[in-house]
1. Which links in K82/K204; K15/K188; K129/K204 stretch past 27 Å when you go from one Cα to the other?
2. The range 46-135: Rg/Rh from Cα coordinates, Kirkwood Rh?
3. To test your reading of the geometry: what angle, between 0 and 90 degrees and rounded to tens, separates the Cα axis of helix 193-205 from the longest principal axis of the chain?
4. If you find the alpha carbon centre of the range 12-90 and of the range 133-170, how far apart are they in angstrom?
5. Of all the C-alpha pairs in the chain, what % are more than 27 Å from each other?
6. Over the range 46-135, what is the relative contact order in whole percent, taking alpha-carbon pairs under 8 Å and six or more residues apart?
7. Could you give the length gained by full extension between T54 and K80, i.e. 0.36 nm per residue of separation minus their alpha carbon distance, to one decimal place?
8. How large is the dipole of the chain about the Cα centre if only Lys and Arg carry +1 and Asp and Glu carry -1, each at its Cβ, rounded to the nearest 20 debye?
Amino acid sequence: MPVQTESNYLGDVLKYEAPNLFSREEVTLTAGSLALGAVVGRKAPAVTVTVGGTNTGNGVMGAVTLGVAALPGSYVVTCKTKVANAGVFTVVDPRGLPQPDLTVAVAYAGDHINCTLADGSTDFEVGDKFTIAVSVSSEIGEFNPAASDGLQFAAGVLMEAADASAAATQTVIIAREAIVSRPALVWKSGATAPQKAVAIGQLKTLGILVREGA
């Protein structure tokens, strides 16, 4: 008799989630058809840089890119030490936690943000400020290590089958603080073991733990 394969159920994938729907997030699948348990990425968030209205220095914040630990909200960059043709700035993340200091005219790279604050014709004074606002997109797609639009970073696990072949569709993902079963995860065709390991590490930074025997 023919072999029949039973589809996954949510309980096969999701082994623990936080109370009160905290782990879940409504999102929009913009293209394609994905199965329950698919590992997904999130389209790149919008980044807006605002210059403090009372700044003395006129240096310009270069294009900001985000690291894997970037958080939604505002990063506040404030001059703490005036230096001729330079300067040192504190960086505080949206949780209010300090990140490594930024030095003017030196490339700043970290898990959260990457940028370069150029030196201008007028030096920065203590208290000069920039705000980097990160607005997370609600648009998702299949995790794709070869992408460059944000989908190269694992951002969650799909809680239901979703089909956006004809048009974008609303769906729900496990986005944080959960335990999922490794054997039940669905990966993009061709994803390698090392790429999957990187994605699992990215899920871990969101509080999503992948367990072999869950």
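Values quoted throughout were computed directly from the atomic coordinates according to the rules given, and no laboratory measurement underlies them. Since we're looking at a predicted model, the values are computed, not measured. So basically every Cβ, Gly included, is an ideal-geometry build from the backbone, and we count neighbours across all protein chains shown.
1. K82/K204; K129/K204
2. Result for the range 46-135 is an Rg/Rh of 0.93.
3. Roughly 60 degrees, rounded to the nearest 10.
4. Their Cα centres are 16 Å away from one another.
5. 42 percent
6. It comes to 46 percent, rounded to a whole number.
7. Once the chain is fully extended between T54 and K80, it gains 7.9 nm.
8. 280 debye
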